[in-house]
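Contents: one structure, followed by commentary.
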Amino acid sequence: MSHTLSTLAYLVASILFILALKGLSHPSTSRRGNLMGMVGMGIAILATLAVPGMRLGGIGLILSGLLIGGTIGAVIARRIQMTSLPQLVAAFHSLVGLAAVFVAASALYAPQSFGIGVPGDIHAQSLVEMSLGLAIGAITFSGSVIAFAKLDGRMSGAPILFKGQHMLNAALGVLLLLLIAVFVATGGPAWLFWLIALLSFGLGFLLIIPIGGADMPVVVSMLNSYSGWAAAGIGFTIGNLLLIVTGALVGASGAILSYIMCKGMNRSILNVLLGGFGAEAGGAPAGGGAAQPARPVKSGSPEDAAYIMKNAGKVIIVPGYGMAVAQAQQVVREMADLLKKEGATVEYAIHPVAGRMPGHMNVLLAEANVPYDEVHELEEINPEFAEADVAYVIGANDVTNPAAKTDKASPIYGMPILDVDRAKTVFFVKRGMSSGYAGVENELFFRDNTMMLFGDAKKVTQQIVQALQK
């Protein structure tokens, strides 16, 4: 294949990737978006295999990598539970970052293969691109490993804080920039390359450990952005136009999504970039707060809930991570179908940060074949809660807490929430009275119009279904 045809193939693949992102912006077009992305990647792989100068040995290595990686990926994809999707995404981000480190090392030791110079005499521009791709890739790798460990329960989800943490991170960031400048100025010595890599690995670790479980959706999104910029930086180094375009697409889309998530959680985008979200040593950790005095709540039975919902004209279902853990999405849809047969209007309310990653609840509901037109985001569904006879909250805690509007001392103050407290009756399905990831007691539990349904989300909903069928 000539350079012209190769560039044209990369252009077609880039357009398909852009259309894939466009398709993924809405559930109804997400399948088409995924298909376009797969076709684009297929074209990209074929074009890479056919570039001028590609040797048979190189083609064999690429195909071997595709076979091994594709097999491992297929096995993982078939076995992974939907509740484990966030940590899987974090793990995949770590691999993208590590790949960027390896490609940067390849460019350092064999620059002639990429047309950027010879060992000991690499173009200054390429050294800048290489070092930036190396640093971002290493930060992405170690940060993603910590995010995976926290999401998977292999380490505590609570923030790990110590005095002077932010000053240390800032000092390491400045030192990293200075080392990159020296690396470029001195022609790219190997020892300095690996010192930059080591410092970046450490910085990625320190940036993520102060972040608590409540903020993990933003972390996953931001790490996605980091992995894209790492790929783009390495794309410049090796002169691969498609890698530059796709890396920029992932980096930009991840950054935009992170900004949207920050607005949804009342967080500062600067704090996301620096790590720790402004948390200070000695502050209240996310994921667990101090014990609160016992306060009276109203609890009911699934039969009580079924009776009230059967006579309701409008029901809004609010899914959260508790639904994901219990794998209750199928029975929730079954309950909704029965309510619709009774003449009720049923809708679903999704908070931007419900679950542990962006779109987590949307994916679960799509898996249960919930109609797309019944699923609504926060802005469009909030005005409807005042008209709802019932709000059925299944495991969504912090995103329904009225304290976000009233308690200025609360760590979630200012965060946009779902106005479930405005419904005539609120059924809150929960195993117990524990706080959410933010470590804040939910004021909704104690409202006069709230009835707690204690138990496993799936079992409680199944009992409601059985009562409705009677």
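The values are calculated or read from the model by the stated rules, or taken from the named source; none is laboratory data. Computed from a predicted structure; not experimentally measured. Note that each Cβ is placed from the backbone with ideal geometry, even for glycine, and that neighbours are counted across all protein chains shown.
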Out of everything in the range 67-86 that is among the hydrophobic types (A, V, I, L, M, F, W, C) and touching a residue at least 40 places away in the same chain (Cβ under 8 Å), what residue ends up being surrounded by the fewest Cβ atoms within 10 Å (Cβ to Cβ)? Met82
Tally of residues being of a type in the set (A, V, I, L, M, F, W, C) and surrounded by 18 or more Cβ atoms within 10 Å (Cβ to Cβ) across the range 89-113: 11
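Residues are listed down the side, and each one gets a yes or a no for (1) within 30 Å of His351 (Cα to Cα); (2) touching a helix residue (DSSP H, G or I) at 6+ places or on another chain (Cβ under 6 Å); (3) assigned to a helix (DSSP H, G or I):
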{"residue": "Val174", "(1), (2), (3)": "no, no, yes"}
{"residue": "Ile180", "(1), (2), (3)": "no, yes, yes"}
{"residue": "Phe183", "(1), (2), (3)": "no, yes, yes"}
{"residue": "Leu198", "(1), (2), (3)": "no, no, yes"}
{"residue": "Leu207", "(1), (2), (3)": "yes, yes, yes"}
{"residue": "Met222", "(1), (2), (3)": "yes, yes, yes"}
{"residue": "Trp229", "(1), (2), (3)": "yes, yes, yes"}
Answer yes if at least one residue in the range 145-152 is part of a loop (DSSP other than H, G, I, E, B), at pLDDT below 90 and of a type outside the set (Ser, Thr, Tyr), and no otherwise. yes
Could you tell me which numbered condition Ile15 fails, if it satisfies all but one of (1) of a type in the set (Val, Ile, Thr); (2) at pLDDT below 90; (3) part of a helix (DSSP H, G or I)? (2)
Assigned by TED's automatic domain parsing to the domain that holds Asp337 and closer than 15 Å to His351 by Cβ: which single residue out of Leu418, Leu453 fits that description? Leu418
Is there a residue in the range 109-118 that is closer than 30 Å to Gln327 by Cβ and either without any contact (Cβ under 8 Å) to a residue 24 or more places away in the chain or not acidic (Asp, Glu) (or both)? no
Inspect the range 380-400 for any residue being more than 27 Å from Lys263 (Cβ to Cβ), buried (at least 17 other Cβ atoms within 10 Å of the Cβ) and not hydroxyl-bearing (Ser, Thr, Tyr) and give the result as yes or no. yes
Scanning the range 333-383 for residues that are in a loop (DSSP other than H, G, I, E, B), among the small types (Gly, Ala, Ser) and under 29 Å from Leu151 (Cβ atoms) gives Ala354, Gly355, Gly359, Ala368
Subset of the range 242-261 [closer than 21 Å to Thr4 by Cα and either out of contact with any Ser or Thr (no Cβ under 7 Å at 6 or more places or on another chain) or of a type in the set (Ser, Thr, Tyr) (or both)]: Leu243, Ile244, Thr246
